[in-house]
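Chemist: This structure is in structure tokens; I'll ask about it shortly.
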Amino acid sequence: MHAPPITYLISSPLGDFPVDEDKMHFPLECDPRETPYKVYFQTIKNFLQQDSFSHLLKAACKRCGREVHVHEINEIIIRAEKHGALYHPASIELVLEKSSVKFGLNVAVSETGRDWLKKEFSVIQDIKKKCNLPYLPEVYFFDEQATMSFLLEEWFEGYHEFHLSMTESGEQVLKLWEFGKGYTNFSEGQRFEIYRQASKILTLYYDMNDFSQIYPWHHAAGDFIAKAEGNGVNIRLITARQYNPYMVFQEKEQMNPVIALFYFLLNLTVRMRLDKLDGVGDTVWAEDFCLEASVKGFLEGLGLKKGLKDYFSSEKEFINILKSFSPEDLKAAYSPLIDIYKGTNDYPVIIENLDGHVEALNAILRNCPS
């Protein structure tokens, strides 16, 4: 059988670095088990080669829309892309005779990560069946080996992580981590678009009937990725760890969908503002433009939902309900939501900013056209 040569690389904002043999004993970042890169790459190789590359070839057929045979593969490039608390994702690039095709490969090493990855495979499959939306990756194959678990999935080409950062003069900026090209600050318009689109995406996946939503997610984890296109930007969501109601309502079947949606909006507008400085530092709170963008994206997503008239005549009816809340009412409503954040690094930041957030949210809602 033809065995394509495999190249091992480590991705960085400055470009790809080859993995020399003398560096293969280095441990993976963020891995308490200190798994060596040699074991990481070798286990990925074993995963790809099993059953004569059959799972990889099936995924390639789906992506290319035709049969792809192993003899067409001139090279396989495995890139270690990043390292996080749960996963150590890689990209898998197949260099074919006349083109190339790329996949994402989520790799979990810890027991916690492996449990989450197995669940994520099932969750994304279920969401894909339920929601005909393009924002989550297609998932192709999940496998568990002795020391690692793998999820082969769609790769969003040209999309990268982004995080809040501070300039030397103390200005808050949103920075794109464009691997291979370095860091780029988004324009004000692009920043607004990122939060608008992210809020719209989460709202589109929200289930009005049983209150299910994609949660947990966090900007600090890089769960949303962005692709700059001229002056514009596009957003994708790369994970869905759970798809359940966020708050457990008593007697759910009798719960008013308007109240459930109200709490979804409250939590969305707070969580959208949270990040870690430069992705790894202290928890940071996005400025008020993020709140305005979040509300706009939420309302746009709500207006596109099928079956909305089963609950209100239009999204404007819901806006009028929101306008009836005073800042004091909003803050009281936030109380059970904020309690859920206790014990996290986000909690003190939320408490510090909650009064201003509530006042700004109330003003934005009152200015929405009825």
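The values are calculated or read from the model by the stated rules, or taken from the named source; none is laboratory data. Keep in mind that what you see is a predicted model, and the values were worked out from it rather than measured. Ideal geometry is used to build each Cβ from the backbone, glycine not excepted, and the neighbour counts take in all protein chains shown. Areas reflect the complete protein model, heavy atoms only, side chains present, ligands, DNA and RNA absent. Shrake-Rupley method; radii C 1.70, N 1.55, O 1.52, S 1.80 Å.
Chemist: Lys309 versus (1) among the basic types (Lys, Arg); (2) assigned to a helix (DSSP H, G or I); (3) under 29 Å from the mean Cα position of the chain (by Cα): which is the lone unmet condition?
Modeler: Status for Lys309: all satisfied but (3).
Chemist: Determine if region 204-223 includes at least one residue that is farther than 30 Å from Asp329 by Cβ, open to solvent by less than 50 Å² (accessible area, probe 1.4 Å) and part of a loop (DSSP other than H, G, I, E, B).
Modeler: yes
Chemist: Can you say whether Lys296 is part of a loop (DSSP other than H, G, I, E, B) and either within 22 Å of the chain's Cα centre (by Cα) or at pLDDT 95 or above (or both), as far as the supplied structure shows?
Modeler: no
Chemist: Now for a different question. Looking at region 116-133 only, could you name the residues that are out of contact with any Lys or Arg (no Cβ under 9 Å at 6 or more places or on another chain) and of a type in the set (Val, Ile, Thr)?
Modeler: Ile124, Ile127
Chemist: Would a scan of region 1-18 turn up a residue that is closer than 22 Å to Trp155 by Cβ, of a type outside the set (Lys, Arg) and open to solvent by 90 Å² or more (accessible area, probe 1.4 Å)? Step through it out loud before you land on a result.
Modeler: Just the residues of region 1-18 that are closer than 22 Å to Trp155 by Cβ, to begin with: 4-18.
The next check asks that each one be of a type outside the set (Lys, Arg); those that pass are 4-18.
Then keep just the ones that are open to solvent by 90 Å² or more (accessible area, probe 1.4 Å); that gives 14, 17.
Yes, because at least one residue in region 1-18 is closer than 22 Å to Trp155 by Cβ, of a type outside the set (Lys, Arg) and open to solvent by 90 Å² or more (accessible area, probe 1.4 Å).
Chemist: Considering every residue within region 63-83, establish whether at least one is among the β-branched types (Val, Ile, Thr), part of a helix (DSSP H, G or I), touching a Ser or Thr at 6+ places or on another chain (Cβ under 8 Å) and open to solvent by less than 20 Å² (accessible area, probe 1.4 Å).
Modeler: Our first condition is that a residue be among the β-branched types (Val, Ile, Thr); within region 63-83, this holds for 68, 70, 73, 76-78.
So of that shortlist, the ones also part of a helix (DSSP H, G or I) come out as 70.
Remaining after also requiring touching a Ser or Thr at 6+ places or on another chain (Cβ under 8 Å): 70.
Retained after the next criterion (residues that are open to solvent by less than 20 Å² (accessible area, probe 1.4 Å)): none.
Within region 63-83, not a single residue is among the β-branched types (Val, Ile, Thr), part of a helix (DSSP H, G or I), touching a Ser or Thr at 6+ places or on another chain (Cβ under 8 Å) and open to solvent by less than 20 Å² (accessible area, probe 1.4 Å).
Chemist: Is there a residue in region 275-284 that is under 25 Å from Glu352 (Cβ atoms), of a type in the set (S, T, N, Q), part of a strand (DSSP E or B) and under 21 Å from the mean Cα position of the chain (by Cα)?
Modeler: Restricting attention to region 275-284, the residues satisfying the condition of being under 25 Å from Glu352 (Cβ atoms) are 275-284.
Checking which are of a type in the set (S, T, N, Q) leaves us with 283.
Applying the additional criterion that residues be part of a strand (DSSP E or B) yields 283.
Remaining after also requiring under 21 Å from the mean Cα position of the chain (by Cα): 283.
Yes.
Chemist: Give me the pairs, please: first residue somewhere in region 266-286 and polar (S, T, N, Q), second residue anywhere and at pLDDT below 95 and part of a loop (DSSP other than H, G, I, E, B), beta-carbon distance under 7 Å, and either six or more positions apart or on two chains.
Modeler: These pairs meet every condition: Asn267/Tyr246.
Chemist: Just for region 168-180: of the residues that are modelled with pLDDT under 95 and in contact with a strand residue (DSSP E or B) (Cβ under 9 Å, 6 or more places away or on another chain), which one is most open to solvent (accessible area, probe 1.4 Å)?
Modeler: Only one residue fits best here, namely Phe179.
Chemist: Mind listing whichever residues of region 307-334 are more than 23 Å from Arg271 (Cα to Cα) and open to solvent by less than 10 Å² (accessible area, probe 1.4 Å)?
Modeler: Of everything in region 307-334, just one residue is more than 23 Å from Arg271 (Cα to Cα) and open to solvent by less than 10 Å² (accessible area, probe 1.4 Å), namely Phe312.
Chemist: Among the residues of region 220-249, which ones are among the hydrophobic types (A, V, I, L, M, F, W, C) and over 25 Å from Ser91 (Cα atoms)? Before you say what the answer is, go through the steps one by one.
Modeler: Initially, region 220-249 is screened for residues among the hydrophobic types (A, V, I, L, M, F, W, C), giving 220-221, 224-226, 228, 233, 235, 237-238, 240, 247-249.
Met247, Val248, Phe249, listed by residue number.
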